[in-house]
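These notes concern the structure reproduced below.
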Amino acid sequence: MTHAPALLVIDMQNALAAIAHRSAETVAVIAGLRSRARAAGVPVITVQHHGGGLESGTDAWRIVPELAPAEGEPVVGKTSADSFLDTELAATLDALGTTELLVTGFATEICVDTTARQALSRRYDLVLVADGHTTSVREEPGGPYAEPDASVAHHNEIFRHLDFPGRSIRVLSAADVDFGPPAGVTPV
């Protein structure tokens, strides 16, 4: 089987970046990875949420300027936490021949987690970019949600220990991503 990665950038929209923990740092990490992906010929797919205050055409809905899709790059609209549900994502990945998804974006415990698990269930190999996803700033420290850094670390650790038979799951920092196949996979 040929190894064919694609970089997924989930919900990095103006309104969401405005409430994101370590927003500037996460945007910079994703932008650097996206630049490297493009240089390596790896497709970049942007996922953009619609609804719930993110209405098409508004400034809140737009992708942050640093991550705006390039001309001709796929943009997939979604209306739920699952980037696959009732969207064109699967068809887009199939058309590209994708076998592995590198997942980045917002929000760690909602859209990033849901989409990453769906990718595994749909038989894609997975790279969760450890420093390329974030969650919202918490208004109430010690409230019902984990602190942002703890949430990101928790999800990175969970994905290090998930077991999906026949799937490769890697958690890598952006600096460690080389777009190559998982260990033990020989490209055809």
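The values are calculated or read from the model by the stated rules, or taken from the named source; none is laboratory data. Owing to the predicted nature of the structure, the values given are computational and were not obtained by experimental measurement. SASA here: full protein model, heavy atoms, side chains in, ligands and nucleic acids out. Shrake-Rupley method; radii C 1.70, N 1.55, O 1.52, S 1.80 Å.
Worth a mention:
- Most mobile listed residue (Ile30, Ile19, Ile45) in the chain, GNM with C-alpha springs under 10 Å: Ile19
- For the chain, the calculated P(r) over all alpha carbon pairs, in 10 Å bins from 0 to the bin holding the longest distance, is 9, 40, 38, 11, 1, 0 percent.
- Accessible area per residue for the chain is 46 Å², calculated with a 1.4 Å probe on protein heavy atoms, without ligands, DNA or RNA.
- When both the range 69-84 and the range 1-18 are represented by their alpha-carbon centers, they are found 8 Å apart.
- Residue order for Ser151, Ser80 - accessible surface, 1.4 angstrom probe, largest first: Ser80, Ser151
- With every protein chain in place, the chain: carbon and sulfur % of accessible area (1.4 Å): 54 percent
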